[in-house]
Amino acid sequence: MEKTWTVLDILNWTINYLDKKNIEESKYKTELLLSHVLKLKRFDLYLNFDRPLFKQERDSFKELLNRLIKNEPIQYILGKWEFYGYDFIVNKNVLIPRRETEELVEKVIEYLISLDNKKLNILDVGTGSGAIIISLYLELKKKLNNDDFKKLNFTAVDISEKALNVAIENAKLNNIDDINFIKSDLLCELENNIDILISNPPYVSLSEYNNLKKELFFEPQNAITDNKDGLYFYNKLINSIMERDIKKSFFEIGYNQKEDLIKICKQNKINNFNFHKDLSGNYRILEISK
Ligand SMILES: C[S@@+](CC[C@H](N)C(=O)[O-])C[C@H]1O[C@@H](n2cnc3c(N)ncnc32)[C@H](O)[C@@H]1O
C-alpha cells in the first residue's frame, strides 16, 4: 500500500532535502510552498499536522519543489510577494521588490506628508512591478485627507512593456485605476511637469552582475544592471533634474555608490543633496533638492 504523506511528513522530508541541496532558509521556503499548494496560511500548517495530502496536491508540491532546487526565486514560484504590506504579482518580467526599497518609499511618504501644498505630479522611473508607486499611492490615501490626496497625480514609467503590464495588473489587484502607466525610455515620453521624481534604477555594474548569486539570473537583466559601470541611469536622471527643473528627487543607490554620486551631483552643479542610511547603516538613499 502507498504511504500516506501528512503535512508533517512533507515538512520534515522537504526541509531535510533542501538542506542537503544547500538551499538557504529551507524551513521558511518549505512552509511557503506547502501553504501555497494547500491554500492555507503558513501558521495554519501547524494546526493541520496530521492532514494527509491528496495525490494531486503532492504532484503540485513536487513540481514547485523542482523549480526551487533549480534556484528559481521562491517569489516567482509563488507568483506573488508582499511589499510594504501589500500584495504584488511577480513574475520573470519584473524585479522582485526588495525590503530595502520599502525604506525609500517610507522616506518619500515622510517628505510628502510634511508639505503644505499637495498639488504635485509624482513620477516613478523604472516602475517594474509597480511596487513603489502603488504602495506610495495606498499609503498616502490612508494618511492624507481626501482633498489633499485628490490633488496628487501619480505616474510611472518603464521601458519594458512586459513589466508595465505587470504593474497595471498590480494596480488593479490593489483596486487602483488612476495611476498613469507609460512606456518610456526614462523621461523621453513625459511632459515637463514633474515635481517629485523617485527611482530605483538598475544600478549594479556589469562586472558585479557577472558575480551575483545564481538566483538573481532569473530576474530581468535590464532591471538589475545598466551593463556598464552602474552609474549610467543616475547620470541620465540627475542631468534631467537640472534640465527639467525637478524640485525633489529620491533614488535608491548601491551600498558603495555614495562617493560616485557626490561627483555626479557636483558635475551637474547640484549642491543640495543628502544621503540616508538604511537599517543596516549603509547609505542607500539619495535625496536631491533643487
Ligand atoms: C531595479 S528595477 C526597479 C523595479 C521597481 N521599481 C522596484 O523598486 O522594485 C529597474 C527597472 O527599470 C526599468 N528600466 C531599465 N531601463 C530603463 C529605461 N531606460 N527607462 C525606463 N525604465 C527602465 C527596468 O525595466 C526595471 O523595471
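For the condition away from the ligand (no atom under 15 Å from the Cβ), surrounded by fewer than 18 Cβ atoms within 10 Å (Cβ to Cβ) and in a loop (DSSP other than H, G, I, E, B), what is the one hit in Asn211, Asn227? Before the answer, list the steps.
Values: Asn227 fails: away from the ligand (no atom under 15 Å from the Cβ).
Result of the check over Asn211, Asn227: Asn211.
Please pick out the residue among Leu186, Leu144, Leu173, Leu164 that is over 30 Å from Tyr255 (Cα atoms), in contact with a strand residue (DSSP E or B) (Cβ under 7 Å, 6 or more places away or on another chain) and at pLDDT 95 or above.
Working: Leu186 fails: over 30 Å from Tyr255 (Cα atoms); Leu144 fails: in contact with a strand residue (DSSP E or B) (Cβ under 7 Å, 6 or more places away or on another chain); Leu164 fails: over 30 Å from Tyr255 (Cα atoms).
The unique qualifying residue is Leu173.
Hey, among the residues in region 98-115 that are more than 23 Å from Leu190 (Cβ to Cβ) and within 16 Å of the ligand (Cβ to nearest atom), which one's surrounded by the fewest Cβ atoms within 10 Å (Cβ to Cβ)? Walk me through how you get there before you give the answer.
From region 98-115, those more than 23 Å from Leu190 (Cβ to Cβ) are 98-100, 102-103, 106, 110, 113-114; that's our starting set.
Subsequent filtering for residues that are within 16 Å of the ligand (Cβ to nearest atom) retains 98-100, 102-103, 106.
Values: Arg98: 14, Arg99: 10, Glu100: 16, Glu102: 18, Glu103: 17, Glu106: 16.
Here the residue is Arg99.
Is at least one residue of region 116-124 surrounded by fewer than 17 Cβ atoms within 10 Å (Cβ to Cβ), within 16 Å of the ligand (Cβ to nearest atom) and of a type outside the set (Ser, Thr, Tyr)?
So far as region 116-124 goes, no, none of its residues is surrounded by fewer than 17 Cβ atoms within 10 Å (Cβ to Cβ), within 16 Å of the ligand (Cβ to nearest atom) and of a type outside the set (Ser, Thr, Tyr).
Check whether at least one residue in region 135-143 is without any contact (Cβ under 8 Å) to a residue 40 or more places away in the chain and within 15 Å of the ligand (Cβ to nearest atom), and report yes or no.
So in region 135-143, the residues without any contact (Cβ under 8 Å) to a residue 40 or more places away in the chain come out as 140-143.
Checking which are within 15 Å of the ligand (Cβ to nearest atom) leaves us with none.
No, every residue in region 135-143 fails to be without any contact (Cβ under 8 Å) to a residue 40 or more places away in the chain and within 15 Å of the ligand (Cβ to nearest atom).
Restricting to region 179-208, and then to whatever is acidic (Asp, Glu) and free of Cβ contacts under 8 Å to residues at least 60 places away in the same chain, can you tell me which residue is farthest from the ligand (Cβ to nearest atom)?
Taking region 179-208 and keeping what is acidic (Asp, Glu), we get 185, 189, 191, 195, 208.
Of the ones still in play, those that are also free of Cβ contacts under 8 Å to residues at least 60 places away in the same chain are 185, 189, 191, 208.
On the way: Asp185: 4, Glu189: 10, Glu191: 16, Glu208: 14 Å.
Looking at the filtered set, the residue picked out is Glu191.
What tally of residues in region 149-168 results from selecting those that are in contact (Cβ under 8 Å) with a residue 12 or more places away in the chain and more than 10 Å from the ligand (Cβ to nearest atom)? Give the steps one after another, and end with the answer.
Step one: of region 149-168, the residues in contact (Cβ under 8 Å) with a residue 12 or more places away in the chain are 149, 151-168.
Adding the requirement that they be more than 10 Å from the ligand (Cβ to nearest atom) leaves 149, 151-155, 165, 168.
Result for region 149-168: 8.
Determine the pairs where a residue that is acidic (Asp, Glu), located within region 61-84, has a partner that is in a helix (DSSP H, G or I) with Cβ atoms under 7 Å apart, the partner being 6 or more residues away or on another chain.
Within 7 Å, the pairs are Glu72/Phe218.
For Ile238, state whether it is in contact with a helix residue (DSSP H, G or I) (Cβ under 8 Å, 6 or more places away or on another chain), within 16 Å of the ligand (Cβ to nearest atom) and touching a residue at least 40 places away in the same chain (Cβ under 8 Å).
Values: in contact with a helix residue (DSSP H, G or I) (Cβ under 8 Å, 6 or more places away or on another chain): yes; within 16 Å of the ligand (Cβ to nearest atom): yes; touching a residue at least 40 places away in the same chain (Cβ under 8 Å): yes.
Considered against the rule, which asks whether it is in contact with a helix residue (DSSP H, G or I) (Cβ under 8 Å, 6 or more places away or on another chain), within 16 Å of the ligand (Cβ to nearest atom) and touching a residue at least 40 places away in the same chain (Cβ under 8 Å), Ile238 comes out as yes.
If I ask for residues that are surrounded by fewer than 15 Cβ atoms within 10 Å (Cβ to Cβ) and of a type in the set (A, V, I, L, M), which ones from region 183-208 would you list? Break it down into steps so the answer makes sense when it comes.
Initially, region 183-208 is screened for residues surrounded by fewer than 15 Cβ atoms within 10 Å (Cβ to Cβ), giving 183, 185, 188-189, 191-193, 206-207.
Leu206, the sole residue that qualifies.
Does Asn146 qualify as being within 19 Å of Lys29 (Cβ to Cβ) and more than 9 Å from the ligand (Cβ to nearest atom)? Walk me through it before giving the result.
Details: within 19 Å of Lys29 (Cβ to Cβ): no; more than 9 Å from the ligand (Cβ to nearest atom): yes.
No: the conditions fail for Asn146.
Restricting the search to region 249-290, which residues are out of contact with any Pro (no Cβ under 9 Å at 6 or more places or on another chain) and among the acidic types (Asp, Glu)?
Across region 249-290, the qualifying residues are Glu259, Asp260, Asp278, Glu287.
Which of the residues that make up region 16-34 are in a helix (DSSP H, G or I) and either surrounded by fewer than 17 Cβ atoms within 10 Å (Cβ to Cβ) or touching a residue at least 24 places away in the same chain (Cβ under 8 Å) (or both)? Walk me through how you get there before you give the answer.
In the first step, residues of region 16-34 are kept if they are in a helix (DSSP H, G or I); the result is 16-20, 26-34.
Result: Asn16, Tyr17, Leu18, Asp19, Lys20, Lys27, Tyr28, Lys29, Leu32, Leu33, Leu34.
Would you be able to tell me the number of residues in region 74-83 that are within 13 Å of the ligand (Cβ to nearest atom), surrounded by 14 or more Cβ atoms within 10 Å (Cβ to Cβ) and more than 15 Å from Ala167 (Cβ to Cβ)?
Result for region 74-83: 1.
So that you can scan it fast, the table gives a plain yes or no per residue for (1) of a type in the set (Val, Ile, Thr); (2) over 16 Å from the mean Cα position of the chain (by Cα):
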site: Asn117; (1), (2): no, yes
site: Ile122; (1), (2): yes, yes
site: Thr127; (1), (2): yes, no
site: Ile132; (1), (2): yes, no
site: Leu152; (1), (2): no, yes
site: Lys183; (1), (2): no, yes
site: Leu206; (1), (2): no, yes
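The values are calculated or read from the model by the stated rules, or taken from the named source; none is laboratory data. Source: prediction; values computed, not measured. Neighbour counts run over all protein chains shown; Cβ positions are idealised from the backbone, glycine included.
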